[in-house]
Each structure stands twice: as C-alpha cells, then as structure tokens.
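Working notes, structure below.
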Ligand code: UT7
C-alpha cells in the first residue's frame, strides 16, 4: 500500500435548485423526444436555477452543508477555491462572493476555470496548499448555472445541461486521504466545446448576441470519443500512481456527461457498472458541479464507507481531464 498523503475530505455538501425541467418539457421547446434523450444520454430531468439564483448563492449553500458535516465554522476556513465556468460575473471572483455569504472572514478565495474537470483541479490545488503548510482548512466548490449559457433553441445542447453546486472541506487527516492525483490538459481541442463570445476576444456586442455566441457550442461526437479515452486514461493513471488495481476500487465518482460515456469508461477500466456512481438521470451535466454533487450524494446515501477506496474522474472543455484516488 502506498504512503498516505494525510490530506483528505472531511465534509461534503450539495445544493440543487428545486425547479425541475424534464424531457417532456423539452419536447415542447425543441424538436426532440424523451426516447432520444434517454437512449443517447441517460438524462431524464435537470434542475434549473431561477432568476437571481446564480453560482455564488448555490456554491455558498453547498458550502454551508459541507462545513456543517465537517463540524467547522466558516471563520475557520483559510482557503476557498470555486471551480466554475458560469461565475456570477466576470469579476470579482465567485469565491470572494461566497466568502462574504459565508462570513469566512479569514479565508482567501479565487476561482479556477477548468470546466467539467474543475472540481478535480480544485481539490488537487487545495491539497498542495495544505501539504505545504500554508493553509489548514480549505473549501473546494463546484457551482454552475449552466442554464445561463445554454441555447434553448439548440436541441444538440439544450437537453444536456443542468444547474447545481457541490462542495467539500479539506484538511489534514490521521487516516486515509488522497492517495494520488493525475491531471491533463490539451488546448489543441479547445474549439470542441466553448462559449465563443463575451470574453476579451469577442466582447459582448449586438453582433455576438445576434450570432448567439454567448451560448455553449459543442462538437458532441468528437468530444464523446475524447471523453471515453481520457477519463479511462485518467482513472488508470491515478490508480497506477497509487499502486492500486481495479479490484481495489470500491466506487468511481465520475463527471456525468453521458451514460454511454460512463459505460464505455467502465469497460476500458475493467470495472463492473455497479462501481460507477450515477445521478445523470436526475441532474444532467452540471459541469464542475457534477462530480461535486455526485460525491456529496454518494456520501449521504452511504455508498461510501470509512476505509473505501474511491476515484473521482472527470473530463471537460479545455480540454481538461483528471482523476483523484482517495481512501475514505
Ligand atoms: O461535459 C463535458 C464533456 N461533454 C461530453 O463529453 C459530451 C460528449 N458528447 C455526447 O454526449 C454526445 O455526442 C451527444 C449526447 C452530445 C450527442 O449524441 P450523439 O449520439 O453523438 O449524437 P449526434 O450528435 O451524432 O447526432 C445524431 C443525430 C443527428 O441527426 P442526423 O444528423 O443523424 O439526422 C442529430 O441532429 O441525432 C440528432 N440529435 C437529436 N435528435 C433528437 C441531436 N440532438 C438531438 C435531440 N433530439 N436533442
């Protein structure tokens, strides 16, 4: 067994908006069907945050639950990292807005942009800060209002996404903790998934709005192949770094983009389907929040017990991908 890093997750939490948008609702909005969406993606319904509810609110709510489960006060948090591609605004950071909402007065905060892999990147960054001794208690949050960048007239993408947030508290632990991490990036494939407008290259203008450039554009089938290859590679590389084999793994908490991707990843990693945690049917793809919410739910449902070995595994725009092996 490899040496323990001694840095672990000591509390998790999640927040999902109450409004449900199901496939029958989408049938009334675009030319699609429940049958197509279920068989091609595995998604039945997703949550939608109402007006005035955005990444900072949802992230703070998830963080409050994570703090409660960790038995920590907001004032004890040193570091807040929020992974989001749907920040409340371009600046200030969503982490600073969350810091204020929580009253985490002594924490520093910043956001990271790693799309669907953001929660994995965030946990890896927080681990380094704790390991170095600079900070003791960290909050890592994945929060997304994907509905705000979804083109509700584009059937190729609007059936896929949902809103929500998940969070965890990290600190030094006496037993278990993170056994290994693995991250990857490949900017060559950046155009496969992007929101082209609204940044410094194409600032908001009448033209960018007319051309619908403020919405998510996706080359689905190309991404699908990369997702299968790179999620399996990330999981296998993280396992190898920790000296573990697929038989040692109790549960995989993957990014939830498409059920067919997850079955293909399970096959490539030689893992039975029962070891893949799924909630895509209820929430769709929530980008960075998908892995965060799935982990919090798996803990609540007691699918993860003390001593279990789990893998967080994600892939997304950038491209970015990564996996983390944790002994719970
Ligand atoms: O989270 C970050 C990473 N994201 C991913 O990795 C997503 C990866 N990609 C996917 O999950 C899948 O590619 C999609 C779910 C996006 C699409 O599934 P697909 O099996 O790759 O379908 P496709 O794009 O090849 O489209 C097949 C057909 C097309 O019709 P034709 O050209 O064959 O006549 C589409 O127009 O399905 C059509 N189609 C739809 N039909 C009904 C596309 N979207 C819909 C829809 N309802 N919503």
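The values are calculated or read from the model by the stated rules, or taken from the named source; none is laboratory data. Here the structure is a predicted model, which is why all the values come from computation and not from measurement. Neighbour counts are summed over all protein chains in view; Cβ atoms, including those assigned to glycine, are modelled from backbone coordinates with ideal geometry.
Within the stretch 114-132, residues that are free of Cβ contacts under 8 Å to residues at least 60 places away in the same chain have Cβ atoms under 6 Å from residues that are away from the ligand (no atom under 16 Å from the Cβ) and assigned to a helix (DSSP H, G or I) in no pair, counting only partners at least 6 apart in sequence or on another chain. Filtered by the rule that a residue be near the ligand (Cβ under 9 Å from one of its atoms), part of a helix (DSSP H, G or I) and touching a helix residue (DSSP H, G or I) at 6+ places or on another chain (Cβ under 8 Å), the stretch 29-40 gives 37, 40. Taken over the stretch 59-112, the criterion of being outside any helix (DSSP H, G or I), over 15 Å from the mean Cα position of the chain (by Cα) and closer than 23 Å to residue 214 by Cα is satisfied by 88, 89, 90, 91, 92, 93. Within the stretch 266-323, the set of residues being in a helix (DSSP H, G or I) and surrounded by 23 or more Cβ atoms within 10 Å (Cβ to Cβ) comprises 280, 283, 288, 289, 290, 291, 292, 293, 294, 295, 296.
Residues are listed down the side, and each one gets a yes or a no for (1) in the same structural domain as residue 215 (by TED's automatic domain parsing); (2) within 19 Å of the chain's Cα centre (by Cα); (3) assigned to a helix (DSSP H, G or I); (4) within 25 Å of residue 99 (Cα to Cα):
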site	(1), (2), (3), (4)
131	no, no, yes, yes
134	no, no, no, yes
140	no, yes, no, yes
157	no, yes, yes, no
166	no, yes, no, yes
189	yes, no, yes, no
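Residues that are surrounded by fewer than 17 Cβ atoms within 10 Å (Cβ to Cβ) and more than 10 Å from the ligand (Cβ to nearest atom) were ranked within the stretch 10-28; the one that is farthest from residue 155 (Cα to Cα) is 18. Among the residues of the stretch 216-231, those identified as under 17 Å from the mean Cα position of the chain (by Cα), more than 6 Å from the ligand (Cβ to nearest atom) and assigned to a helix (DSSP H, G or I) are 228, 230, 231.
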